[in-house]
Every structure is written in structure tokens, then in C-alpha cells.
Amino acid sequence: MLHANEGVQRAATVALCDIVKAETAARSRPKRRKSQSQQQQQRQYQFAVFTLRRVVLSLLDDTLSTGPQLDSALKFLELDDFRFSLLRTMELVIREKAESKDVTPCFIDNCFAILKAVVMPKMDAQITSFCVDMADFAPEPPRKKSNTGERSEEKQKKEFYGDPAGLAAHRRVFSGAWQAFLHLSLPTSILIRVLNNIHTNVMPHMVNPKLLIDFLTDAYDAGGAISLLALNGLFLLIHKYNLDYPDFYDK
């Protein structure tokens with residue numbers, strides 16, 4: 001995916017995303033126990049998050065624009081479980097980058113390009129497209145807690161099991177990815193584009209749009225045209241999402 005030739009980048013992206021789909025199908029096959037008959041088996045859905053992480057790391061490269069790869073990945077973002085897992089993985093990668101303080105302008109551009117390309121469902125009935133037939137799978141049973149009450153950090157990083165079949169879960173991962181991105185130090189060009197789209201493409205799909213208050217307040221303090229765009233966002237939070245912000249009219 002990081003080859004210098006764009007044609008190779010596109011072909012590699014499609015191949016890796018196809019591998020993610022195939023691995024998800026393979027990992028989600030039922031594991032037969034000796035004490036179980038075929039009728040007693042319950043298939044467990046497991047997305048290939050480890051392989052997907054490699055795709056995400058390539059899409060969010062520090063030095064190479066994600067344009068060609070993203071164009072090839074768009075059809076996979078139409079798959080609800082693929083998009084769900086990609087957003088969850090993006091949040092983790094962005095937070096890791098922020099902690100390491102190794103965030104480049106190219107990384108930020110690539111993050112925004114992907115987030116902007118995501119088309120979110122608006123209702124549960126629209127969540128129907130998956131890498132596998134979800135009707136074949138039973139919900140994953142609750143995991144037993146260890147003696148410490150928590151799974152090991154290494155295991156949490158290696159695997160992420162989620163339920164991509166509900167709108168609430170999609171909004172959670174969407175909100176997480178956007179919040180992680182907005183905590184980065186965004187260049188002015190990206191900040192303006194975010195503020196121009198935040199009321200139509202971000203707020204309606206967040207679990208709690210009021211969590212944008214800090215981002216919008218900081219943007220307002222930047223001054224100039226950015227302040228006006230931020231005030232528009234604050235106005236919408238007050239009137240559409242019932243944000244209590246008594247200092248708004250003073251501003």
C-alpha cells in the first residue's frame with residue numbers, strides 16, 4: 001500500500017481489504033466441541049481486527065497521502081462491520097500517535113480524509129451489509145473476568161470484539177474516532193474544513209454532541225474567521241442539542 005506507484009497502492013489496498021473480509025469469515029466459523037452436535041453449535045462473530053489495523057496504519061501513513069488507497073477502500077466502507085471496526089481502530093491509532101507526540105501534517109490530512117469519507121447510517125434498519133451473514137451468528141457470550149477483574153492490556157490490543165449490528169454501537173465508535181482526531185493540534189486549513197462540516201456531518205451522528213464544546217471554544221479563541229465558524233457550531237449546540245452556555249451571547 002505504501003509503494004511509490006499509485007496503481008500498486010490501489011491493487012494492494014483492495015487485496016488487503018479482501019483478506020480482512022476472508023479472515024473475518026474464517027475466524028467466525030464455529031469451533032466444534034466433542035460434546036456438541038452440529039445443531040447445538042453457536043457460531044461466534046469475530047472481525048479480523050489485527051489485519052485491519054495494518055490496513056489502517058497504511059492509510060494513516062506519516063508521509064504518504066492516502067488518496068489512491070482511500071479511493072480503493074471506499075467500497076469496503078459500505079460494509080457496516082468493516083466501517084465499524086475501521087473507526088474503532090482509527091481511534092486507537094490516533095490516540096497512540098497523540099501520546100507519542102509523533103503527529104505529522106500528512107497523518108492529520110489522512111485522518112480527515114478518511115473521517116470525511118465515512119457515510120454513517122441514520123437508523124438500525126440501514127445496517128444490513130456485512131462481511132459475513134450476521135443471521136448465522138449468535139451474540140458473543142459475556143467474557144469471564146480474571147482475578148483482577150480486567151482482561152490483559154496485551155489481549156485487548158490484539159483483539160477487539162464488537163457488535164456492529166446496532167446504530168448505538170456505530171455512533172460510539174464514530175464519536176470516539178472524531179473526538180480523538182479533534183484533540184490533535186489541527187492546522188488552520190483542516191480546522192476550517194472541519195468547522196464548515198461539523199454541523200452536518202459530525203454532530204448528527206455523535207452519541208453526545210455536547211462533548212464538542214471544548215473543541216469549539218478553543219476554535220473560537222483562535223480569532224478571525226475561525227471564531228465565526230466556531231460560534232455557528234456553538235449556536236447549534238445551544239439551540240439544537242440544549243447546551244447550557246450562558247456566556248454565548250456575550251461572545
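Readers should treat all values here as calculations from the given coordinates under stated rules, not as data from a laboratory. Just so you know, these numbers come straight off a predicted model, no measurement behind them. With ideal geometry, Cβ positions are generated from the backbone for all residues, glycine too; neighbour counts draw on all protein chains shown.
Too long at a 30 Å Cα-Cα cut-off: which of Lys116/Lys210; Lys21/Lys101; Lys101/Lys122; Lys101/Lys240; Lys122/Lys210?
Going by Cα-Cα distance, Lys21/Lys101; Lys101/Lys122; Lys101/Lys240 fall outside the 30 Å limit.
How far apart, in nanometres, would the label points at Ile213 and Asn242 be if each is projected 7 angstrom from Cα along the Cα-to-Cβ direction?
Here the modelled spin labels are 1.4 nm apart.
To the nearest Å, what is the center-to-center distance of region 106-126 and region 159-229, using C-alpha atoms only?
11 Å
What's the FRET efficiency of Arg193 with Asp62 using the Cβ-Cβ distance as r and R₀ = 22 Å, to the nearest 0.05? It would help to have the intermediate numbers written out before the result.
Working: r = 20 Å, r/R0 = 0.92.
So, using R0 = 22 Å, E works out to roughly 0.65.
Cβ neighbours within 10 Å, averaged per peptide: list 108-117, 80-89, 14-23 in order, most packed at the top.
Listed from highest to lowest mean packing, they are 80-89, 108-117, 14-23.
Counting only C-alpha contacts under 8 Å and six or more residues apart, can you give the relative contact order of region 167-250 as a whole percent?
The normalised contact order for region 167-250 reaches 28 percent.
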